[in-house]
Amino acid sequence: MSLLDAPRRNVLPFKPVSPDPGFGVYVHWPFCAAKCPYCDFNSHVRFKPIDQARYAAAFERELVQMGRRSKGERVTSIFLGGGTPSLMEPATVGIILDAISRIWTVADDAEITLEANPSSVEAERFRGYRSAGVNRVSLGVQALNDRDLKRLGRLHNVDEAYRAIRLAREIFPRLSFDLIYARPEQTVAAWEAELHQAIALAADHLSLYQLTIEEGTPFHALHRAGKLVVPDGDLSADLYEATQALTAERGLPAYEISNHAVPGAESRHNLTYWRYGLYAGVGPGAHGRLAFDGRRYATANEPLPETWLQMVEDWDHGMVVEEALNTSEQADELLLMGLRLTEGIDLKRWSQLSGRSIDPVAERDLTQHGMIERIGADRLRCTPAGMLVLDAVVADLA
């Protein structure tokens with residue numbers, strides 16, 4: 001049987017809409033082998049070996065501090081992101097996951113995801129992650145042709161991407177991989193052909209992101225100089241609509257603007273964000289949302305790895321922000337996150353946070369223009385057309 005013919009995996013039990021968004025732990029590994037020209041994430045290239053034992057000890061110390069701020073929480077998901085977490089030794093991952101298990105109660109069916117790049121994939125390393133407790137891998141494939149992989153600054157080729165997908169499907173219960181579309185010179189027909197190929201490869205989940213030109217990146221400088229031309233607004237909308245139609249037709253419908261899954265295989269960790277749940281953010285540049293002392297707090301860590309490391313060794317944490325959010329700020333965040341989902345937002349919860357109801361004039365206007373719709377009496381969501389202009393919709397409702 002070829003990889004293209006492989007059956008989709010059975011997935012962990014999952015309720016599509018839950019009143020409890022769960023509690024997550026996000027751990028940020030900030031190091032990469034190379035910096036991609038489109039990337040504005042907190043990732044850093046170092047040309048000397050990383051002292052993984054020292055960083056693992058720092059992660060443990062900061063996890064303890066986060067545990068003190070979230071006593072009694074039950075962890076339903078863990079996400080090792082970056083950067084390139086697959087540059088970590090399996091022993092480092094094991095230390096982190098063991099610390100989380102000591103500090104919190106971890107659900108028996110917790111989703112534990114590790115991000116990996118195909119260029120850093122080795123079979124023994126993958127098996128080591130699985131032994132440490134990882135049960136889901138997210139691969140940064142990004143394109144399925146070598147020309148675009150090179151243009152995107154990726155270190156792997158298509159053959160290596162196939163090999164990584166094959167290994168992941170053999171070793172882990174669950175797999176997702178990312179692709180970027182709206183790339184330079186990309187047509188709708190070319191993207192549809194690539195997407196058919198991706199869906200055939202996918203186990204149960206795909207993340208399909210539209211290329212955005214972020215300020216401060218090499219792509220931004222090239223774009224400003226006219227040396228990088230990306231699809232215009234109309235073509236980008238056509239590419240988005242083709243993505244939604246094709247994934248739905250092939251059994252991986254969108255459950256969020258950029259994320260598609262076999263029903264039941266949605267990313268639990270990301271749903272915790274989008275359902276405005278609580279999560280601890282650990283590591284350089286990590287953000288979190290925690291509740292203690294009767295208030296909800298936004299946390300953010302020092303982004304520079306070496307500075308964060310020294311802060312943790314001196315003070316047991318690397319936080320540079322720990323800010324209590326008022327009810328209006330929480331309501332706006334719930335709206336911004338929840339309207340990304342096809343399930344929309346719980347209007348009763350939004351009203352409880354904000355102390356008011358959705359503006360009926362704004363709702364009527366957006367509904368008449370086909371941007372939003374009600375799901376029964378208690379839920380509100382964006383239509384596909386509204387998803388294309390989500391920021392504007394949120395601004396009108398907020």
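Descriptive notes on the structure:
- Accessible-area composition of the chain, carbon plus sulfur, in percent [1.4 Å probe]: 52
- Charge context of T84, other residues only, Cβ under 11 angstrom, K/R +1, D/E -1: 0
- Tensor-based shape of the stretch 241-398 (alpha-carbon gyration tensor, a/c under 1.5 rounded, otherwise prolate or oblate): oblate
- Between the amide H of H44 and those of F31, C32, distances stay under 5 Å, these residues lying 5 or more places away or on another chain, with hydrogens modeled in the peptide plane.
- Taking every protein chain into account, the 1.4 Å probe leaves C32 with about 20 Å² of accessible area, to the nearest ten.
- Selection from V282, Q186, P231 lying farthest towards where the dipole of the stretch 168-315 points positive, charges on Cβ: V282
- The stretch 172-227 - charge dipole about Cα centre, Lys and Arg +1 at Cβ, Asp and Glu -1, debye rounded to 20: 140
- Once the 1.4 Å probe is applied to the protein heavy atoms, the stretch 123-244 comes out at 42 Å² accessible per residue.
- Structural size metrics of the chain, computed from C-alpha coordinates, are Rg and Dmax of 20.9, 59 Å.
- In the stretch 31-89, a dipole from Cβ-located charges (positive for Lys and Arg, negative for Asp and Glu) runs towards its positive end, and of T84, F31, L63 it is L63 whose Cα lies farthest in that direction.
- Taken about its Cα centre, the stretch 267-362 carries a charge dipole of roughly 680 debye when the Cβ of each Lys and Arg holds +1 and the Cβ of each Asp and Glu holds -1.
- Each residue of the stretch 135-280 gets 135 Å³ once the volume of the Cα convex hull is shared out per residue.
- The stretch 16-122 - accessible surface per residue (Å², probe 1.4 Å): 42
- In plain terms, the chain from A221 to E306 could stretch by 27.8 nm, reckoned as 0.36 nm per residue minus the Cα-Cα distance.
- Calculated from backbone phi, Karplus (6.51, -1.76, 1.60) coupling profile of the stretch 159-171 in Hz, x at Gly/Pro: 4, 5, 5, 4, 4, 5, 4, 4, 4, 4, 5, 6, 9
- The chain - share of DSSP beta bridges that are antiparallel (%, nearest 5): 40
- Mean projected area in nm² (Cα convex hull; one quarter of hull surface) for the stretch 44-187: 10.0
- Under 19 Å from the Cα of K35 - lysines, other chains or at least 8 residues apart: K48, K150
- Residue among W104, N117, N135 farthest towards the positive dipole end of the stretch 18-156, charges placed on Cβ: N117
- The dipole here belongs to the chain: it is taken about the Cα centre, uses +1 on the Cβ of Lys and Arg and -1 on the Cβ of Asp and Glu, and is about 740 debye.
- Sorting Y181, Y297 on solvent-accessible area from highest to lowest, probe radius 1.4 Å, gives Y297, Y181.
- Rounded FRET efficiency, nearest 0.05, which uses the C-beta distance separating R74 from E170 and R0 of 30 Å: 0.45
- Rounded to the nearest 10 Å², the accessible area of H223 at probe 1.4 Å: 80
The values are calculated or read from the model by the stated rules, or taken from the named source; none is laboratory data. None of these values were measured; they are calculated from a predicted model. Note that each Cβ is placed from the backbone with ideal geometry, even for glycine, and that neighbours are counted across all protein chains shown. All accessible areas refer to the heavy atoms of the entire protein, side chains included, with ligands and DNA or RNA removed. Shrake-Rupley method; radii C 1.70, N 1.55, O 1.52, S 1.80 Å.
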